[in-house]
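The values are calculated or read from the model by the stated rules, or taken from the named source; none is laboratory data. For clarity, every value in this text was computed on a predicted model and none was experimentally measured. Cβ placement follows ideal geometry from the backbone for every residue including glycine, while neighbour counts extend to all protein chains displayed.
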Amino acid sequence: MANRRAKTDGGVSRRAQMRPISQIFGRATVVGEKMRSGVAVSTIVKYALYIVLSVLLILLETTFFARFRPFGASPDILIVTVMAIGMYDGGRAGAVYGIWIGFVADTLGGAGITVLPLAYMLVGYICGVVAEDYYRRTVLLFLIFDAAVCAARMFITLLYVFLTWPSFDFGAVFGAVILPELAATAVCSPTPAIILLPVYLIFRKKRAETEQD
């Protein structure tokens, strides 16, 4: 009887010790599920806002900047939009939005499927990876990305001219097409970054608060 009672008491004590541990793990699981659900909802809202603002910028390029042409050329603010999303939200988001914005730009431009989805995807992904892994998101980083993106835009225009024009004079094309477009894109490049910046700041703060909770 004594042995049985000792074993019973030992089992009860072990269960009593295990109960707080299970409660801790249970609470941690609930907190983790709440955190994941909160992050998931905020992520969906954030990306939906990116889509809405991207559509606004697409309309801005195809309407306003089609008439208001600084330096006699339409700026490519869409490539800067992709760059900004990658810089703010990482390479994956930049690549996905790059493909989507590239297809939309091709559709609205009426030129069929071009290299824009691929080019925008690479811009968004590379800018996102660099911003995530190597540098802080600062004005200096934006200026570096902006210079690289303007160079990429110049290369895309050159490739388009080479593939679609039967013959051309490089000096004339550079002076009349590429240089004005480069200058217009550089001058108008802060527009997408400023429009998208509040979304990045708001959801960065919400994510930090969620992680602290």
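Residue 96 meets all of the listed conditions (1) under 16 Å from the mean Cα position of the chain (by Cα); (2) over 23 Å from residue 62 (Cα atoms) but one, namely (2). Could you tell me whether any residue of region 181-188 is touching a Phe, Trp or Tyr at 6+ places or on another chain (Cβ under 8 Å), surrounded by fewer than 19 Cβ atoms within 10 Å (Cβ to Cβ), at pLDDT 90 or above and assigned to a helix (DSSP H, G or I)? There is at least one residue in region 181-188 that is touching a Phe, Trp or Tyr at 6+ places or on another chain (Cβ under 8 Å), surrounded by fewer than 19 Cβ atoms within 10 Å (Cβ to Cβ), at pLDDT 90 or above and assigned to a helix (DSSP H, G or I).
Return yes or no: is residue 107 polar (S, T, N, Q), buried (at least 17 other Cβ atoms within 10 Å of the Cβ) and over 22 Å from residue 190 (Cβ atoms)?
Working: polar (S, T, N, Q): yes; buried (at least 17 other Cβ atoms within 10 Å of the Cβ): no; over 22 Å from residue 190 (Cβ atoms): yes.
Spelling it out, it is not the case that residue 107 is polar (S, T, N, Q), buried (at least 17 other Cβ atoms within 10 Å of the Cβ) and over 22 Å from residue 190 (Cβ atoms).
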